[in-house]
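S.K.: Just dropping this structure here.
The values are calculated or read from the model by the stated rules, or taken from the named source; none is laboratory data. Computed from a prediction, not measured in an experiment: that's the story for all the values here. FYI the Cβ positions are ideal-geometry reconstructions off the backbone, even for glycines, and counts take in every protein chain you see.
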Amino acid sequence: MSSLLLSGRPVADSLLGSLKGEIKKLNPKLVVVQVGDDPASASYIKQKLKSCEAVGLRHEHKHLPEKTTLSELMMLIGTLNTDPDVTGFIVQLPLPKHLQSHVPDIIRAIDPKKDIDGFGAYNLGKMFLSVEFEHLPPATPSGVIELLKYYKLPIEGKHAVIVGRSNIVGKPLAIMLLNRGATVTICHSKTKNLSAMTKQADILVAAVGSPKMITKDMVKLGAVVIDIGVSRVDGKLCGDVDFDAVSEVASAITPVPGGVGPLTVASLIRNCVTAKRRQMENA
């Protein structure tokens, strides 16, 4: 069968275009904090800043040295929390090795009102209540929902199987799909007979970071396949799904790159706008 290519670029362009008027009116500001020189982080940040420029969103890139201490980073977070001109900010992950064990403390230190990554316990916890409380959801899961909505792919009543249980993708996406009426199964490294689970999926999401782990024989005929995983193989970006083979059985499938990636950035910018609106309402 011929599968529908779920390109994220037109979806992201549509979402960003819809935000321009509100950005001009509200004048929010986004700050991106980078520690060290991780090449993948540098690439992601470049995309974020480029999208900010495209929609006229004020932004600032604070690039700290590799050897920045925890106390120095925490001091900066405290400054951003209290700066009334800063609508929201992110601390780009991954951090250098000496800071990695402190990531939970760093996320906890970010003011929930400015947590536009949506990684903090407060914003994640609110998502459990209903769609109406998804004010600052993590950007990648939010992007997946936007993708399904744009291409008019139904969620309600469908069986969604997510491979990956991270706090920033797998778990929050499961809640967002559940909030919209899907039956959700989460699989992970301890799941036995993974293929038996994935073959039940109407919507199959791969978010592990293991190149081509989802093969054609693991996918039900007509399934919608969302590939969030990104790895580099022989110098090229590769997803968790064996794209060419799975395209033969899927009704719709995202490419890597060019699928969910652009929507992650667009959703982050939408969160910044939402944060500004809510801050003004609560002022």
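S.K.: Mind listing whichever residues of the stretch 33-63 are over 18 Å from ASN271 (Cβ atoms) and polar (S, T, N, Q)?
M.R.: Within the stretch 33-63, GLN34, SER41, SER43 qualify.
S.K.: Another question, then. Give the residue, chosen from THR191, THR140, THR185, that is of a type in the set (S, T, N, Q) and touching a Leu at 6+ places or on another chain (Cβ under 9 Å).
M.R.: THR140
S.K.: For GLU146, work out the one condition from (1) more than 18 Å from ILE228 (Cβ to Cβ); (2) assigned by TED's automatic domain parsing to the domain that holds ALA182; (3) assigned to a helix (DSSP H, G or I) it doesn't fulfil.
M.R.: (1)
Yes/no matrix, rows are residues, columns are (1) surrounded by fewer than 17 Cβ atoms within 10 Å (Cβ to Cβ); (2) in contact with a strand residue (DSSP E or B) (Cβ under 6 Å, 6 or more places away or on another chain); (3) closer than 30 Å to VAL233 by Cβ:
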{"site": "VAL11", "(1), (2), (3)": "no, no, yes"}
{"site": "GLY36", "(1), (2), (3)": "no, no, yes"}
{"site": "ALA40", "(1), (2), (3)": "yes, no, yes"}
{"site": "GLU53", "(1), (2), (3)": "yes, no, no"}
{"site": "THR69", "(1), (2), (3)": "yes, no, no"}
{"site": "LEU76", "(1), (2), (3)": "no, no, no"}
{"site": "VAL86", "(1), (2), (3)": "no, yes, no"}
{"site": "VAL103", "(1), (2), (3)": "yes, no, yes"}
{"site": "ILE110", "(1), (2), (3)": "no, no, no"}
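S.K.: Can you say whether ILE116 is touching a helix residue (DSSP H, G or I) at 6+ places or on another chain (Cβ under 6 Å) and over 19 Å from PRO104 (Cα atoms), as far as the supplied structure shows?
M.R.: Working: touching a helix residue (DSSP H, G or I) at 6+ places or on another chain (Cβ under 6 Å): yes; over 19 Å from PRO104 (Cα atoms): no.
No: the conditions fail for ILE116.
S.K.: Just the residues that are assigned to a helix (DSSP H, G or I), in contact with a Leu (Cβ under 8 Å, 6 or more places away or on another chain) and either in contact (Cβ under 8 Å) with a residue 40 or more places away in the chain or over 25 Å from VAL86 (Cβ atoms) (or both), please, taken from the stretch 103-137.
M.R.: LYS114
S.K.: A further question on this structure: Scan the stretch 159-182 and give yes if some residue there is among the small types (Gly, Ala, Ser) and assigned to a helix (DSSP H, G or I), otherwise no.
M.R.: yes
S.K.: Could you tell me which residue of the stretch 190-207 is surrounded by the most Cβ atoms within 10 Å (Cβ to Cβ), considering only residues that are charged (D, E, K, R) and over 24 Å from the mean Cα position of the chain (by Cα)? It would help to see each step written out before you state the result.
M.R.: Let us first name the residues in the stretch 190-207 that are charged (D, E, K, R), namely 190, 192, 199, 202.
Within this subset, residues satisfying the condition of being over 24 Å from the mean Cα position of the chain (by Cα) are 192, 199.
Details: LYS192: 7, LYS199: 16.
Going through the qualifying residues, I end up with LYS199.
Residues checked against (1) more than 18 Å from VAL265 (Cα to Cα); (2) in contact with a helix residue (DSSP H, G or I) (Cβ under 7 Å, 6 or more places away or on another chain); (3) at pLDDT 95 or above:
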position	(1), (2), (3)
LYS126	yes, yes, yes
LEU129	yes, no, yes
PRO138	no, yes, yes
ILE155	yes, yes, yes
